[in-house]
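This report concerns only the one structure given below.
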Amino acid sequence: MISVNKAKFQNLDKWLVAAVCVLSIFGIICIGSALHVNLGEDPSNYYSQMVFFATGLVIMFIVAFFDIDYLSRFDRTLYIVNILLLVAVILVGSSSNNAVRWIKIGPVRLQPSEFSKVIMIFCMANFIDKKKDSINNISILARLCALVIVPVILVFVQPALSASLVILFIFCVQMFVAEIDYRFIGKILIIVVPIVAVIVLDSIREDPIFVDLIFKDYMITRIKDLVIQDPSSETYYQTMKSISAISSGQLTGKGLYQGTLNQLSYLPEPQNDFIFSVIGEEFGFIGCMVVLGLLFFIIIRCILIAMESRDMKERIIASGVAGMLIFQTFVNVGVATGIMPNTGMSLPFVSSGGSSLWTNMAAIGLVLNIDLRRSRTLFEGEY
């Protein structure tokens, strides 16, 4: 199941591994500042992130050298386990900030909605690959959509709107790579775009007609605040502080532990949702560009590996990972810069949280695995 030898290590995409490691280590440094460890605050979460990074590396390498053909035999089992975990969150999950998204096992809190992202990438790639010759059949598309909608709904009711949107975006990317007929895409857009427009318009009404029946009050408030930009609103106040922090860093930043808004606790969840604001304030425009540059490099490597693979399932997996990283990066940075509604979305490899980091590490492990299989196919003529 796990095959490791010198040749595989030599063929491992070392630049991709290096980019992930540099980004994660830089993230730990920024998390330390966000948690104010320099001021004597409790450093337990700071040290926990170091442990998460070390275990994440182990997960990444295990997945990279695992026989994914063997794992593919259990795609239905993985899907069922994913559904059971999401149901368990609703039934016995622990809450924080008015959301029930975690399962507590001893001192560790796990977030199944994060694991669901990489599980769905793998499972949907297998399901699509099995039906690749009839992917444009309406009944096959309906079955695939049903398989995706179930975890999306279970994640949404936690509530975790951003995580459910990630899964939907991943599915859209994978279906595009699977060469779904453009006519279906056009029909979907004709339906989806007006629905989104109506939801936004209803959200900004003083007395919403229907949107409050679907979304939580705070979700509606965040959409409204983005459109209206009311400075008296607490949500938009957070956004303004984030923008102020980023702009105050200017070119080179104020220096590590020197960010005024960060150190004085004006930024909400600076170790997670607004970690980009901490980077902007303390490391400036250059720091932001380095982080975005590393994320861009990782995403491009995923896309290139997908393009170079001759196997449909592998292309869908690698492109799904790229789609996940693109969406998460865009939303996190968009929230910090005020172009997206305030929502809980981690910055890949940088934000605090074990479940998020492990999920991203496992996803990169899948991409490394595909790249190794491609290399072996080219040079040894086998899978």
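Shape call for region 137-210 from the C-alpha gyration tensor, a ≥ b ≥ c root eigenvalues: rounded (a/c under 1.5), prolate (a/b greater than b/c) or oblate?
In terms of gyration-tensor shape, oblate.
In a Gaussian network model over the chain where Cα atoms closer than 10 Å are linked, find which of 73, 222, 373 has the largest mean-square fluctuation.
For the chain, modelled as a Gaussian network with Cα springs under 10 Å, the answer is 73.
Toward the positive end of the charge dipole of the chain, about the Cα centre and with charges on Cβ (Lys, Arg +1; Asp, Glu -1), which of 62, 122, 72 goes farthest?
About the Cα centre, the residue reaching furthest to the positive side is 72.
Normalising by the residue count of region 6-377, find the relative contact order in percent from Cα pairs under 8 Å and 6+ residues apart.
27 percent
In debye to the nearest 20, how big a dipole does the chain give about its Cα centre with +1 on each Lys and Arg Cβ and -1 on each Asp and Glu Cβ?
Its charge dipole is roughly 900 debye.
What shape does the chain have by the C-alpha gyration tensor, where a ≥ b ≥ c are the square roots of the eigenvalues, rounded means a/c under 1.5, and otherwise prolate means a/b greater than b/c and oblate the rest?
oblate
Pick from 319, 96, 309: which is most flexible by mean-square fluctuation in a GNM of the chain where alpha carbon atoms under 10 Å apart are linked?
Highest fluctuation among the options: 96.
Which of 161, 71, 325 moves most in a GNM of the chain, Cα contacts under 10 Å?
71
How many lysine pairs does region 6-377 hold where the Cα atoms are under 14 Å apart and the two sit 8 or more places apart or on different chains?
Count of close lysine pairs: 5.
Could you put 101, 183, 374 in order, starting from the residue whose Cβ has the fewest other Cβ atoms within 10 Å?
By the 10 Å Cβ count, ascending: 183, 374, 101.
With point charges of +1 on the Cβ of Lys and Arg and -1 on the Cβ of Asp and Glu, referenced to the Cα centre of region 6-377, which listed residue (31, 196, 323) lies farthest in the positive direction of the dipole?
Farthest along the dipole direction, towards plus: 323.
Neighbour counts of other C-beta atoms within 10 Å: give me 114, 308, 179 arranged from fewest to most.
With the sparsest Cβ surroundings first, the list reads 179, 308, 114.
Check every DSSP H run in the chain and write down those whose alpha carbon atoms cover 20 angstrom or more along the long axis and whose mean Kyte-Doolittle hydropathy is -0.5 or greater.
Qualifying helices, which must be both long enough and hydrophobic enough, are 14-34, 44-64, 75-92, 112-130, 138-156, 161-177, 182-203, 234-248, 275-308, 312-337, 354-380.
Using +1 at the C-beta of Lys and Arg and -1 at the C-beta of Asp and Glu, which of 372, 244, 352 has the Cα lying farthest in the positive direction of the dipole of the chain?
372
Each value in this text was obtained by applying a stated rule to the coordinates, not by laboratory testing. All values reported here derive from a predicted model rather than from experimental measurement. Every residue, glycine among them, receives a Cβ derived from its backbone with ideal geometry; neighbour counts consider all protein chains shown.
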